[in-house]
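Scroll down for the structure; my scribbles are underneath it.
The values are calculated or read from the model by the stated rules, or taken from the named source; none is laboratory data. This structure is a prediction, so every number in the text was calculated from the model and none was measured. As a convention, Cβ positions derive from the backbone with ideal geometry for all residues, glycine included, and neighbour counts pool all protein chains shown. Each accessible area value is taken on the protein alone, full model and side chains, heavy atoms only, with ligands, DNA and RNA left out. Shrake-Rupley method; radii C 1.70, N 1.55, O 1.52, S 1.80 Å.
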Amino acid sequence: MISNTGRHDVTQSTPRTLSGRPSEQAQFEAELASWLDFVSRATRKRLRLEKLITARGILKPVTLAQRFVIKSREVGFIPTVKLVNTRLRQMKQSDQ
Amino acid sequence: MSSHIPDDAFPDILRQRVLAIHEVLFDDTEAAEAQELTASTASLLAAVAGRARALGDSRSAWLLFTALAGALPEPDEVLALRRRLQLSSSAEDAATEALAATRSIASVRGVWNRRIRILRGKTVVDVNFCAKFEHNTGIQRLVRETISRWVSLEKGMDLVAWDHDQITRALHPGEFERVVHWSNPGRNRSEVEEESDVDLIVPIDCDMLFVEVPPEAVCARLAALAEFSGNRVSIVGYDAIPLVSADLVPARESERFARYLAYVKHSDRVFAISAAAAGEFRGFASAVAAQGITGPQVFELSLPVDLPEIWETHDSLAATPLVLSVGSHEPRKNQEAVLFAAGRLWDEGLDFQLIYVGRGDSSLTGPFDRRVARLRKKGHRVEARRSVRDQELSALYHSAYVTIFPSLHEGYGLPVAESLAAGTPVITSDFGSTAEIGADGGCLLVDPRDDDAITNALRRVLTDSKYMDSLRNQIEKRKHRTWADYADGLWNGVQSREAQ
C-alpha cells in the first residue's frame with residue numbers, strides 16, 4: 001500500500017485481526033500488492049524510455065538494452081530520458 | 001522486451017512464475033495443479049518462499065530469485081536472498097524478504113512480458129551469439145557444424161539465447177534457422193532482434209552446455225548459475241589467449257576474459273578443443289585450489305580436420321603459386337612476419353601470389369592495407385580480402401599452393417585444419433595446437449618468432465617440388481577426423497555421467 005506521501009503504509013486499509021493487529025497474511029498481501037505496483041510502474045517507464053530511444057535511432061535495440069542496463073545499474077534507479085540520453089551520447093563519443 | 005505490457009498483466013505473470021517454481025520446490029505436479037485453482041498468489045508465494053527457507057539451499061534461493069526478478073541472479077544476490085530467507089521467522093516473512101531482495105532488480109532489469117518455462121533434467125545449449133548474428137568464423141563454425149548435426153540426428157535438446165542479457169529464452173524461428181540451417185539461401189539474414197512471444201527458459205537440474213564464449217554482461221549470472229542452480233554446466237574451452245598472451249591482445253580483452261574465468265571455475269566440465277587448450281584450462285583449474293574451489297574437470301576433445309559440409313571442392317586455377325594466409329587480422333596471427341618473408345622472397349626473384357583473408361580492427365587493417373597497396377604498385381601480387389564468403393574461402397583453400405599460418409598462440413588453428421582437409425600443405429608454428437595438427441603430416445613446422453625460419457620455409461615450399469609432393473602424400477595418408485566425429489564426441493561427453 002502506497003500512501004499519499006509515497007511511503008509504504010500497511011495500516012491504512014489492511015484487514016486486521018481481533019486484537020487490532022493486521023494478520024501476517026493480510027500484511028503480506030499488502031506487501032505483495034505494493035511490490036507489484038512498484039515493479040509494474042517502473043518496468044513500464046523503462047520500456048517507454050527504451051522505445052523512445054530506439055525510435056530516435058540512437059542505438060540498435062540489442063546494444064541499447066545492454067547499455068541501458070549499465071546505465072540503470074550505475075545510478076541505482078530508473079533514470080530519466082534526459083539522463084539516459086546524456087549518458088548514451090557520452091558512450092557514443094567514447095566509442096569513437 | 002516488448003515495449004507494451006498491459007496494466008493487469010503483471011499479477012498474472014507473477015502467478016504463472018510462482019506456480020512454475022512451486023512445482024519444482026515441492027516436486028509435485030499434482031499439488032501445483034490443485035493449488036492453481038484455489039490458492040491466491042500471495043498464498044502460493046508464501047508457500048514457495050517458506051519451502052525455500054526450509055530447504056535452506058542455494059538452488060532454491062536461485063530459483064526463487066529468478067522467478068521474482070525475471071532475471072537470473074548474480075552470486076551475491078543468491079547469497080543475500082538465501083541468508084534473508086534463513087533469518088526469516090515464517091513463510092510470510094520469508095516471502096516478504098524475497099520481495100524486498102528482488103524489488104530493484106525486478107524493476108530495473110527484469111523481463112516481465114512473458115511466461116517462464118521450467119526445463120528440468122533436459123539438455124540445454126546456449127547458442128546466443130550464433131542465433132543473433134551473421135558472423136561466422138572459428139567459434140561460430142564449430143557451433144553451427146555441431147548443433148546442425150545434433151538437430152538432424154534428433155538429439156533431445158533445447159537451444160537458448162539471452163533476453164537482454166538478463167535471462168535465457170527460447171529462440172525465435174529466424175534465430176533457429178541462423179544456427180541450424182546456416183547455409184539455407186532463403187533464410188532471413190536480418191540481425192535485428194524480433195519482438196516475439198517465445199518463452200523465457202529457466203533450466204533446473206539440466207545438463208547445460210555453453211559452446212560459445214559468453215558476453216561479459218552475462219558472466220556473473222553464469223557464475224551464479226554454475227555455482228548455485230544445481231544445473232550441470234559444461235563448457236567448450238577454446239583457449240586462454242587473453243590471459244596467457246595478454247601482451248598480444250588489447251587490455252580490455254584480458255579483463256573480459258578474467259570475468260569469463262570467474263564462471264569457468266564453477267563449471268563442472270570443460271571440453272577443450274586441443275591438447276594445448278586442455279593444458280591451459282587444467283592449469284587454471286589447478287590454480288583455483290588456492291581459493292578452495294575444486295575447479296572443472298578438463299577433457300581434451302580436439303576439433304576435426306575437415307571442411308564444412310556445404311563447402312564445394314574446387315580445382316586449382318592459379319597459374320602463379322598462391323600463398324594463402326587466413327585469420328583475423330591481429331598481432332597474434334603474425335601477418336607482419338609473413339609479409340616480411342614474402343618481401344624478401346620477391347626481392348630474390350621468386351614469383352608467387354600472396355592473399356590475406358580475414359577481418360580486423362580498422363586501426364590495424366588500415367595501415368596494413370595501405371602497405372599492401374604500395375606493394376601492388378611496385379608490381380607484387382599481394383592482396384588483402386577483408387570480407388570473404390564461405391564459398392570463396394573454400395575455393396581459395398583448394399586453389400592455394402600452400403597455406404601459411406605462423407600464429408604466435410592458438411587454441412586450435414582452424415585454417416591449418418581446413419587447408420589440410422582441402423589437400424593443401426601448410427606452413428605453421430612448431431608448438432601448441434598447430435604442432436598437434438601438424439604431427440600427423442602435411443605441415444612444415446617453423447618457429448613463428450624467427451623471421452629467417454619463416455622465410456626459409458616459404459622459400460623451400462616454393463622451390464622444392466619434391467618436398468611439396470611429400471607433404472601432399474602425407475596429407476593423403478592422414479586419418480581425418482570429421483565434424484560428425486566431433487559432434488558425436490561432444491554429445492557423448494556432455495551426456496556422460498561418469499568422470500572421464
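Residue-by-condition table, conditions (1) touching a Lys or Arg at 6+ places or on another chain (Cβ under 9 Å); (2) of a type outside the set (Gly, Ala, Ser); (3) open to solvent by less than 20 Å² (accessible area, probe 1.4 Å):
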position	(1), (2), (3)
B:Met157	yes, yes, no
B:Asp163	yes, yes, yes
B:Pro173	no, yes, no
B:Val211	no, yes, yes
B:Pro215	yes, yes, no
B:Ala220	yes, no, no
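From the set of residues in the stretch B:371-392 that are modelled with pLDDT of 90 or more and part of a helix (DSSP H, G or I), which is surrounded by the fewest Cβ atoms within 10 Å (Cβ to Cβ)?
B:Lys377
Taking the stretch B:134-148 as the search range and keeping residues that are assigned to a loop (DSSP other than H, G, I, E, B) and away from chain A (no Cβ under 14 Å), which one is modelled with the lowest pLDDT?
Taking the candidates together, the pick is B:Thr137.
List the helices (runs of 4 or more DSSP H) inside the stretch B:408-500, counting only whole elements, that have at least 3 residues being touching a Cys at 6+ places or on another chain (Cβ under 9 Å) and more than 27 Å from B:Asp351 (Cβ to Cβ).
B:432-438
Report, by residue number, each residue of the stretch B:85-109 that is open to solvent by less than 20 Å² (accessible area, probe 1.4 Å), among the hydrophobic types (A, V, I, L, M, F, W, C) and within 37 Å of the chain's Cα centre (by Cα).
Of everything in the stretch B:85-109, those that are open to solvent by less than 20 Å² (accessible area, probe 1.4 Å), among the hydrophobic types (A, V, I, L, M, F, W, C) and within 37 Å of the chain's Cα centre (by Cα) turn out to be B:Leu85, B:Ala98, B:Leu99, B:Ala106, B:Val108.
Taking the condition of being modelled with pLDDT of 85 or more, more than 7 Å from every other protein chain (Cβ to nearest Cβ) and buried (at least 18 other Cβ atoms within 10 Å of the Cβ), how many residues in the stretch A:28-58 meet it?
Adding up the residues that qualify gives 1.
Can you confirm whether B:Ile204 is under 19 Å from B:Val111 (Cβ atoms), buried (at least 19 other Cβ atoms within 10 Å of the Cβ), aliphatic (A, V, I, L, M) and in the same structural domain as B:Phe176 (by TED's automatic domain parsing)?
Yes.
Of the residues B:Ala47, B:Ala131, which is within 12 Å of chain A (Cβ to nearest Cβ), open to solvent by 10 Å² or more (accessible area, probe 1.4 Å) and assigned to a helix (DSSP H, G or I)?
Just a single option satisfies the conditions, and that option is B:Ala47.
Go through the stretch B:401-436 and count every residue that is open to solvent by 10 Å² or more (accessible area, probe 1.4 Å) and not acidic (Asp, Glu).
Counting residues in the stretch B:401-436 that are open to solvent by 10 Å² or more (accessible area, probe 1.4 Å) and not acidic (Asp, Glu) gives 12.
So B:Arg178 fits all but one of (1) open to solvent by 20 Å² or more (accessible area, probe 1.4 Å); (2) within 20 Å of the chain's Cα centre (by Cα); (3) over 18 Å from B:Leu490 (Cα atoms); what number is the exception?
(1)
Among the residues of the stretch B:84-128, what is the count of those that are aliphatic (A, V, I, L, M) and within 13 Å of another protein chain (Cβ to nearest Cβ)?
The qualifying residues number 11.
Does the stretch B:465-477 include one or more residues that are among the hydrophobic types (A, V, I, L, M, F, W, C) and surrounded by fewer than 19 Cβ atoms within 10 Å (Cβ to Cβ)?
yes
Would you please name the residue that is modelled with the highest pLDDT, looking only at residues in the stretch B:173-197 that are within 15 Å of B:Arg115 (Cα to Cα) and out of contact with any Pro (no Cβ under 9 Å at 6 or more places or on another chain)?
Here the answer is B:Asp197.
Within the stretch B:411-434, work out how many residues are under 26 Å from B:Val270 (Cα atoms) and aliphatic (A, V, I, L, M).
Residues meeting the conditions: 3.
Among the residues in the stretch B:24-40, are any at pLDDT 75 or above, facing chain A (nearest Cβ under 10 Å) and out of contact with any strand residue (DSSP E or B) (no Cβ under 8 Å at 6 or more places or on another chain)?
yes
On the basis of being under 15 Å from the mean Cα position of the chain (by Cα), at pLDDT 95 or above, surrounded by 22 or more Cβ atoms within 10 Å (Cβ to Cβ) and under 19 Å from B:Asp163 (Cα atoms), does B:Val264 make the cut?
Taking the combined requirement at face value, the residue does not satisfy it.
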